[in-house]
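The values are calculated or read from the model by the stated rules, or taken from the named source; none is laboratory data. Quantities reported herein were computed from a predicted structural model and do not represent experimental measurements. No Cβ is skipped: glycine too gets one built from the backbone with ideal geometry, and neighbour counts run over all protein chains shown.
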Amino acid sequence: MLYELDSKIENHVYSYQQVKAILEKEGYALGGAWDYDHGYFDYKLANDGGYHFLRIPFQSERGEIEHDAAVIRMGKPYILTHRYQDDVDAYAESSVIQAAFNQFQAPTEKDGDIPSNYIEKGKVVLQNLEVLLAQISD
C-alpha cells in the first residue's frame with residue numbers, strides 16, 4: 001500500500017552525490033531496487049508487523065547513478081507500507097534463516113490502510129528533507 005505526498009522537491013534536479021550525502025546523514029538508505037538510471041531513497045518510519053517507509057523516487061537526468069557527475073530528478077514521495085503474514089515456519093531452526101524467507105512472503109493486506117500516525121510522521125520527515133535540499137542549488 002502506498003500513500004502519495006505532495007512535496008516541494010518533486011521534479012527538482014540535484015547532484016546525486018549531494019543528495020545522497022544529505023539523505024544518508026539523515027538516516028535514509030538507497031533502496032535495493034535501484035538501477036543505473038533510477039532508484040529510491042528510503043527512510044524507515046517503523047517496523048511493526050511489517051515495514052513503513054517514506055520513499056523518495058528519483059531518476060537520472062545525466063549520468064549513471066553512483067557516478068560523481070550524476071544529476072537526478074526527484075519524483076513524487078510516498079509512504080510505503082508492507083505487512084507480512086503472521087504465520088511462523090515451525091521448521092526454521094534459526095531466526096536468521098526464518099527472516100531470509102519471511103522477507104519474501106506476500107503481504108497480508110495488499111490494499112490495507114496506512115496508519116495515520118505513519119502518514120503524519122512521514123510528512124514531518126519530508127518537510128525536514130525539503131528544508132535541507134532547499135540549501136543546495138538545482
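How about segment 46-75: which of its residues are within 16 Å of LEU126 (Cα to Cα) and either of a type in the set (A, V, I, L, M, F, W, C) or outside any strand (DSSP E or B) (or both)?
ALA46, PHE53, LEU54, ILE56, PHE58, MET74, GLY75
To keep it simple, each residue is scored yes or no on (1) β-branched (Val, Ile, Thr); (2) modelled with pLDDT of 95 or more.
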| residue | (1), (2) |
| --- | --- |
| GLU4 | no, yes |
| GLY49 | no, no |
| SER60 | no, yes |
| ILE72 | yes, yes |
| TYR78 | no, yes |
| HIS82 | no, no |
| ASP86 | no, no |
| GLN98 | no, no |
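Can you find a residue in segment 19-31 that is in a loop (DSSP other than H, G, I, E, B), in contact with a Gly (Cβ under 9 Å, 6 or more places away or on another chain) and modelled with pLDDT under 95?
There is at least one residue in segment 19-31 that is in a loop (DSSP other than H, G, I, E, B), in contact with a Gly (Cβ under 9 Å, 6 or more places away or on another chain) and modelled with pLDDT under 95.
Kindly indicate whether any position in segment 32-42 is touching a Phe, Trp or Tyr at 6+ places or on another chain (Cβ under 7 Å), exposed (fewer than 13 other Cβ atoms within 10 Å of the Cβ) and not in a strand (DSSP E or B).
yes
Give segment 1-30 a look and list any residue that's farther than 15 Å from LYS76 by Cβ, of a type in the set (Lys, Arg) and surrounded by 14 or more Cβ atoms within 10 Å (Cβ to Cβ), or say none.
Answer for segment 1-30, where residues must be farther than 15 Å from LYS76 by Cβ, of a type in the set (Lys, Arg) and surrounded by 14 or more Cβ atoms within 10 Å (Cβ to Cβ): just LYS20.
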